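So the structure is just underneath, and the comments pick up after that.
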């Protein structure tokens, strides 16, 4: 058992599953903290009875806020790292030793669980959105992250405390990976089981995917705006004075900026491609993170231009499906235009 690592669990109405999750975690980690995110059932009582320390959040504020509350409390208690787990039973506590072993080999790295090797167990639409998400999140983080949407992770708190986390709900976990990687931190992954239990998830496929996508696009705009006019600068994030964080201070401005960048993503990618081609004589090794890949910016621009095509294909497949025609054009299209560039 490691005494400087604790398990943190954001929980919302998880009274049926959280007891088993806590019991399993306590076999390997002596301390479990639960943030009860405004539950209306007996989540807090069950968690406490199972042996966890419970932090009560009076009203539901989302997973991101619960995680930030847990990070702060764990750091205040002297822990150096945390393992985050979901309360719904979709993360197997028996895999905690894998995280600890990987962390002992690579101290100071964020360790992320990956479910991507079990494609057949993941709903098709969810898998495809995960595949596209990892393409762009990996670009921002300057390294390949196999599963950017899995919440089963080990975080060194030194890294977390060095970031300014400005988002909420399910966006925070993506924000954390992007900023840590863009600051130069290493992110590693281990393969874990894919579990979809009867309890279900609070993740809303349309709303939450839209929120994550909007933030990723808005972040990419700022990163490439900076990289395009600077030399040898792959790590653009600096907490406290980063332009994207400054915009986030004002909700109305932030909402407008995310909307603007989402609708301007296609022409913006062409603009960055032009910068990539014509500016090197004046700005040597601009877009350093992309040049390191050796694939050229045209491939990334093409992938971005294909995003509306993906939407059209998905709509066509759904319409045909309602008439009894099972067509799968999307999977191969995504594999072709959103490859593993690393």
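Here are a few things to note about the model shown:
- Bridge orientation summary for the chain: considering DSSP beta bridges with both residues in this region, about 25 percent are antiparallel.
- When only alpha carbons are used to place a centre, segment 266-311 and segment 1-42 end up 43 Å from one another.
- Which of 299, 115 has the fewest Cβ neighbours within 10 Å, and the rest in rising order: 299, 115
- Annotation: segment 1-43 has a Kirkwood hydrodynamic radius of 10.8 angstrom, from the mean reciprocal C-alpha pair distance.
- Label-point gap, in nm, between residue 75 and residue 158 - each point 7 angstrom along Cα→Cβ: 1.4 nm
- Which of 91, 221 has the fewest Cβ neighbours within 10 Å, and the rest in rising order: 221, 91
- Each 10 Å bin from zero up to the one holding the largest Cα-Cα distance in the chain carries the following percent of pairs: 5, 24, 33, 24, 12, 2, 0.
- DSSP bridge orientation in segment 5-196 - percent antiparallel, rounded to nearest 5: 25 percent
- Look at the alpha carbon pairs under 8 Å that are at least 6 residues apart: their mean separation over the length of the chain gives a relative contact order of 15 percent.
- Residues of segment 170-189 falling in the label zone of residue 285, defined by backbone nitrogen less than 18 Å from a point 7 Å along Cα to beta-carbon, are 182-185.
- Tail fraction, Cα-Cα pairs, segment 5-196, threshold 22 Å, whole percent: 43 percent
- Taken over the C-alpha atoms, segment 208-305 has Rg and Dmax values of 13.8, 42 angstrom.
- Pairwise FRET efficiency - residue 231 versus residue 322, Cβ, R0 = 35 Å, nearest 0.05: 0.10
- Rule-of-thumb Rg ratio for segment 25-118 [Cα; 2.2 N^0.38 Å; N residues]: 1.14
- The helix-only estimate of mean residue ellipticity at 222 nm for the chain, built from DSSP H runs of length n ≥ 4 each weighted as -39500 (n - 2.57), is -15000 deg cm²/dmol after division by the residue total.
Read-outs throughout are calculated quantities, based only on the coordinates presented, and are distinct from any laboratory measurement. These figures come from a predicted structure and were not determined experimentally. Here Cβ is always computed from backbone atoms with ideal geometry, including for glycine, and neighbour counts include all displayed protein chains.
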